[in-house]
Amino acid sequence: MARHIVARTSEIPPGGNKVVDIAGRDIVVFHVNGEFFALLNRCPHEGAPLEKAACVARLTSPEPGIYERSRVGEMLRCPWHGWEFDMRNGQSWFDPKRVKIRSYPVAVERGEELQKGPYVAETFPVHVEDSYVIVEV
């Protein structure tokens, strides 16, 4: 799987997101609770853009009348029909075995580390003869 540098961490504020095009796919990157998550920017139900989704908490109830919130901001609620998905793995909350959003691995790396490689630019020898610059290909 190819790696793509999509943004500086400062370009996606906490609680925000950024849509990027990678190989013709719209992928939305979320910044939640100090972590970054990447998902296909399309709800599997009817194609709503998930960049517009509400980031909500997981809500559970151990008994009637008692509600517990956890993982605040890590669940997505589709802006069109309210389907909910887990940002960590793309699984739906209502049918986790059958419905999910494509998720992508995300890493945060310092610029100094990226500069070291494995990215290598193609170079060509250059010679100066009199007042001409010649590039060998």
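The values are calculated or read from the model by the stated rules, or taken from the named source; none is laboratory data. From a predicted model like this one, the values you see are computed outputs, not experimental measurements. Here the Cβ positions follow ideal geometry from the backbone for every residue, glycine too, while neighbour counts run over all protein chains shown. For the accessible areas, the whole protein counts, side chains as well, though only heavy atoms, and no ligand, DNA or RNA atoms are used. Shrake-Rupley method; radii C 1.70, N 1.55, O 1.52, S 1.80 Å.
For segment 1-134, the extents of the C-alpha atoms along the principal axes are 87, 30, 23 Å, listed from largest to smallest.
Qualifying GluC sites (Glu not before Pro) in segment 16-68, where qualification requires a DSSP coil assignment and no more than 14 other C-beta atoms within 10 Å, comprise Glu46. For Ser10, the solvent-accessible surface computed with a 1.4 Å probe is close to 100 Å², ligands and nucleic acids excluded. Near Asp21, once Lys and Arg are set to +1 and Asp and Glu to -1 for all other residues with Cβ below 14 Å from its Cβ, the sum equals +1. Among the chymotrypsin sites (Phe, Trp or Tyr not before Pro) in segment 46-112, those placed in a DSSP loop whose Cβ has at most 11 other Cβ atoms within 10 Å are Phe94.
Amide H contacts for Ile101 (H built 1.01 Å from N in the peptide plane; partners 5 or more residues away or on another chain; cut-off under 5 Å): Gln91, Ser92. Loop-located trypsin sites (Lys or Arg not before Pro) in segment 79-112 (DSSP state not H, G, I, E or B) with no more than 15 neighbouring Cβ atoms inside 10 Å: Arg88, Lys97, Arg98, Arg102, Arg110.
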